[in-house]
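See below for the structure under consideration.
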Amino acid sequence: MDALSFLPIGGASLLQAAQWYGAFVLALFLGARLLPGIMRPGQSLKDGTRLRYKLSGLVLFVGTHAALAAGVLFGDWSLRPLLAHFPSLFVVANIWALVVTIYLMWSAWSKGEGRLIQTRGSRIKAAALDIWLGAELNPSFAGVDLKMHMYHPSLIGLVVLNAAFPFAQYEIYGAVTTEMWLYQGFVWAYIFTHYIREDFMLTTWDIIAERFGFMLVWGDLVYVPFLYSMVGWWVLGRGWSPAEDGGWVHEPWPIAGVFALVALHLFFHWVFRGANWQKDKFKRDNSVHIWGKPAEALGGRLLVSGWWGIGRKINYTGELGVYLSFSLCAGFDSAWPYFLPFTLLILLLQRAWRDDRKCREKYGPLWDEYCKRTHFRVIPFLY
Ligand code: NDP
């Protein structure tokens, strides 16, 4: 990290960051509004109706790659300046998260939605809960569903920020290392597999049940792109030492380590997406085949075939393993790259506990039977 210095947060850097960030979020929004997408119905709402979502994530993902490739090939762009302006971009993204939240509150309250309008009691507490947890379930702007849309500046923003690391490594050290390619490949694959089945998001808890407030907005706009890319800083500088000729030498990874890391990533990626896609398929049609056999379900409702017969929250296990594979690309010189899987571990363990309570309430004895059938919740032998 020492070979790379940040530009201090100040007028010029903030202005530059605001221009880049503004152009990026505007392009994504216009793309979502104007470009074609796959139309999919959401889950049934309380009043029995269903929203129709235009899923344009893959188009935006590919379009962003095309724009960056064109800039690099024909405009001689380097993405390294994104890292120099990282602190200012961070400030701008936080300000944007506040602006979006202010819009969401204004929009919800003017439509009579939210605790502040609908419940009695402390106004301050109701307003604070609305701001933090959200007031409206499915807010939209100019026909674009905002909860689904915010995944784009989040995940595509992460792809763009991450792509700055190999540029910086090449410009500083003169080469891009194997672990940098691995790190880039792993994160890219994680986001690509998100977008090839974007419709899966329509059955997740966040889309179905969570209102849209600062907590989720900040998570999308700041936490994901800026914290998830944190590992990249350590991958950038890993293994380099000054050479006698004034250049740099890099200590390569053993080839067996590279294969082991790729295998670990592929395995957990398979568990993570495989489990989510199995449940999604089952929820749409419970006569599906899983791993070549008709799906088995307790009471016709709780899937016990495939990954769901092994762990009750095995999709969380898979995602934690995927994040661990990102961090392992940075080696073991510092504990900081492991901050990401560590925070996700805390978040998902708490979420698994909450979901377990919710399911026990909803499914009663069927859930107890399910608990007996499966061996663990998230971590084999431990939890
Ligand atoms: P899940 O997709 O695991 O959904 C849980 C719900 O699925 C339960 O409430 C229950 O709902 C249903 N369900 C549970 N077990 C079964 C079963 N055996 N058969 C049928 N239905 C079952 O949870 P999330 O929405 O929390 O997570 C979705 C994905 O998002 C996960 O992969 C997770 O790792 C990821 N995630 C990532 C985060 C991040 O920051 N990176 C944060 C949060 C989630 P029902 O009442 O409908 O039956």
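Here are a few things to note about the model shown:
- Residue match in the stretch 188-208 (condition: modelled with pLDDT of 95 or more, of a type outside the set (A, V, I, L, M) and over 22 Å from THR64 (Cβ atoms)): no
- Residue that is modelled with pLDDT under 95, over 30 Å from ASN138 (Cα atoms) and surrounded by 15 or more Cβ atoms within 10 Å (Cβ to Cβ), where the choices are PRO81, PRO8: PRO81
- Take the conditions (1) in a strand (DSSP E or B); (2) crowded, with 16+ Cβ neighbours inside 10 Å; VAL59 misses just one of them, which is (1).
- All positions within the stretch 290-331 that are open to solvent by 30 Å² or more (accessible area, probe 1.4 Å), touching a residue at least 40 places away in the same chain (Cβ under 8 Å) and more than 11 Å from the ligand (Cβ to nearest atom): LEU324, LEU328
- When the test is whether a residue is within 10 Å of the ligand (Cβ to nearest atom), open to solvent by 10 Å² or more (accessible area, probe 1.4 Å), in a helix (DSSP H, G or I) and closer than 28 Å to PHE339 by Cα, LEU266 does not pass it.
- Residues (of a type in the set (A, V, I, L, M) and either open to solvent by 10 Å² or more (accessible area, probe 1.4 Å) or within 16 Å of ALA23 (Cα to Cα) (or both)) located in the stretch 149-166: MET150, LEU155, ILE156, LEU158, VAL159, VAL160, LEU161, ALA163
- Wholly within the stretch 114-211, helices (runs of 4 or more DSSP H) carrying at least 2 residues that are of a type in the set (A, V, I, L, M) and either within 14 Å of the ligand (Cβ to nearest atom) or touching a residue at least 24 places away in the same chain (Cβ under 8 Å) (or both): 123-133, 146-149, 151-173, 178-196, 205-208
- When ALA23, ALA18, ALA27 are checked against the criterion of being out of contact with any strand residue (DSSP E or B) (no Cβ under 7 Å at 6 or more places or on another chain) and surrounded by fewer than 13 Cβ atoms within 10 Å (Cβ to Cβ), ALA23 stands alone in meeting it.
Here's the yes/no breakdown for (1) within 27 Å of TRP20 (Cα to Cα); (2) open to solvent by less than 30 Å² (accessible area, probe 1.4 Å):
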position: GLY134; (1), (2): no, yes
position: GLY174; (1), (2): yes, no
position: THR193; (1), (2): yes, yes
position: VAL222; (1), (2): yes, yes
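- Boolean, PHE272 is within 21 Å of PRO380 (Cα to Cα), more than 9 Å from the ligand (Cβ to nearest atom) and either open to solvent by less than 50 Å² (accessible area, probe 1.4 Å) or within 28 Å of the chain's Cα centre (by Cα) (or both): no
- Taking the criterion of being in contact (Cβ under 8 Å) with a residue 12 or more places away in the chain and either open to solvent by less than 30 Å² (accessible area, probe 1.4 Å) or away from the ligand (no atom under 11 Å from the Cβ) (or both), the residues of the stretch 372-383 that qualify are THR374, HIS375, PHE376, VAL378, ILE379, PRO380, TYR383.
- The number of residues in the stretch 332-355 that are open to solvent by less than 50 Å² (accessible area, probe 1.4 Å) and not in a helix (DSSP H, G or I) comes to 1.
- Within the stretch 348-365, tally of residues that are of a type in the set (A, V, I, L, M, F, W, C) and more than 10 Å from the ligand (Cβ to nearest atom): 2
- Selection from the stretch 275-289 of residues that are more than 8 Å from the ligand (Cβ to nearest atom), at pLDDT 90 or above and open to solvent by less than 40 Å² (accessible area, probe 1.4 Å): GLN278
- Selected residue [closer than 19 Å to LEU83 by Cβ and surrounded by 17 or more Cβ atoms within 10 Å (Cβ to Cβ)] from GLY213, GLY237: GLY237
The values are calculated or read from the model by the stated rules, or taken from the named source; none is laboratory data. Since this is a predicted model, take the numbers as computed values, not measurements. No Cβ is skipped: glycine too gets one built from the backbone with ideal geometry, and neighbour counts run over all protein chains shown. Side chains are part of the model used for accessible areas, which takes the heavy atoms of the whole protein and leaves out ligands, DNA and RNA. Shrake-Rupley method; radii C 1.70, N 1.55, O 1.52, S 1.80 Å.
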